[in-house]
Amino acid sequence: MRIDIITVLPEMLEGFFNCSIMKRAQTKGLVEIKIHNLRDYTDDKYRRVDDYPFGGFAGMVMKIEPIERCIKALQAEREYDEVIFTTPDGEQFNQPMANTLSLAQNLIILCGHFKGIDYRIREHLITKEISIGDYVLTGGEIAAAAIADAVVRIIPGVISDDQSALSDSFQDNLLAAPVYTRPADYKGWKVPDILLSGHEAKIKEWELQQSIERTKKLRPDLLKD
Ligand code: SAH
């Protein structure tokens with residue numbers, strides 16, 4: 001899989017994708033993540049990619065031309081499954097969406113800034129609009145990092161134990177069961193006996209039971225589906 005991220009703040013994302021599991025996924029050749037500086041696609045002598053909004057509104061708007069040039073340059077090289085725009089009024093990101101996107105070959109993620117991007121880009125070039133929650137960030141970089149991370153971590157081989165990604169919260173519409181490690185007794189705070197029993201089938205049953213109970217209590221909305 002290949003993910004191309006278009007941003008005015010490449011340094012913000014380079015650090016993120018150069019750490020931990022995201023870095024390892026790239027080293028292992030399971031994903032290619034390319035970060036593009038939108039300012040490289042403008043002819044403006046000050047490398048500006050924003051301009052005043054029509055209508056006299058407050059704030060600045062990202063211009064069409066550099067974004068179109070960058071997207072078209074990428075599309076000339078390969079076919080993209082989706083051209084994603086991160087935006088608070090997009091479809092809310094969730095695990096099923098991450099699962100679907102993880103099957104893609106090539107994705108573009110465009111990060112907005114300022115008041116957003118010229119709406120014509122959304123009408124003509126964007127195929128999917130994603131929000132990471134009902135709050136407004138200063139830019140799309142954190143959203144792009146969240147989307148790419150959730151998508152990449154479920155690509156087979158990225159997390160060493162495939163099962164571990166499948167038993168996380170929201171897979172099967174259930175929250176994960178609690179997890180524990182040594183010591184089994186910390187100043188009287190004890191690990192549930194069943195986990196120390198070595199009885200695999202009973203432990204699996206306990207895990208499912210815990211998942212169901214925690215989902216009923218904390219996120220009953222998930223069980224409606
Ligand atoms: N004026 C816009 C907000 C702009 S915030 C509005 O009211 O909808 C600047 C940029 O940050 C956006 O273009 C988007 O790319 C990003 N952003 C902010 N909040 C986000 C969220 N919840 N999810 C995804 N992207 C977000």
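A few comments on the model shown:
- Counting only alpha carbon atoms, the long axis of helix 200-218 and the longest principal axis of the chain meet at about 50°.
- In terms of accessible area, using a 1.4 Å probe and ignoring ligands and nucleic acids, TRP189, TRP206 rank largest first as TRP189, TRP206.
- Farthest towards the positive end of the charge dipole of the chain, among the residues TYR80, PRO192, PRO53, is the Cα of PRO192, using unit charges on the Cβ of Lys, Arg, Asp and Glu.
- Here LYS202 is the anchor, and the lysines within straight C-alpha reach of less than 23 Å, apart from those fewer than 8 places off in the same chain, are LYS190, LYS216, LYS217.
- Of every Cα-Cα pair in region 108-200, the percent that sits beyond 19 Å: 64 percent
- For the chain, a simple Cβ point-charge model (Lys and Arg +1, Asp and Glu -1, everything else neutral) yields a dipole of about 480 debye relative to the Cα centre.
- 222 nm mean residue ellipticity, helices alone, for the chain (DSSP H n ≥ 4; -39,500 (n - 2.57); rounded to 500): -10500 deg cm²/dmol
- Entry for the chain at q = 0.10 Å⁻¹: log10 I(q)/I(0) = -0.57, Debye formula applied to identical alpha-carbon scatterers, no solvent contribution.
- Potential lengthening between ARG48 and GLU82 on full extension [0.36 nm per residue; Cα-Cα distance subtracted]: 9.6 nm
- Accessible area in square angstrom per residue, the chain, 1.4 angstrom probe: 61 Å²
- In the elastic network of the chain, a GNM with C-alpha springs shorter than 10 Å, the most mobile of ALA144, ALA201, ALA58 is ALA201.
- Only protein heavy atoms count here; on that basis, with a 1.4 Å probe, ILE64 has an accessible area of about 50 Å².
- Projected onto their three principal axes, the Cα atoms of region 138-181 cover extents of 37, 24, 22 Å, largest first.
- Reachable lysines, given that their alpha-carbon falls under 17 Å from the alpha-carbon of LYS128 and they are not under 8 places away in the same chain: LYS72
- For the chain, a Gaussian network of Cα nodes joined below 10 Å ranks TYR119, TYR46, TYR180 by mean-square fluctuation, and the top entry is TYR180.
The values are calculated or read from the model by the stated rules, or taken from the named source; none is laboratory data. These figures come from a predicted structure and were not determined experimentally. All Cβ positions, even for glycine, are placed from backbone atoms using ideal geometry, and neighbour counts span all protein chains on display. The area values use the complete protein model at the heavy-atom level, side chains included, leaving out ligands, DNA and RNA. Shrake-Rupley method; radii C 1.70, N 1.55, O 1.52, S 1.80 Å.
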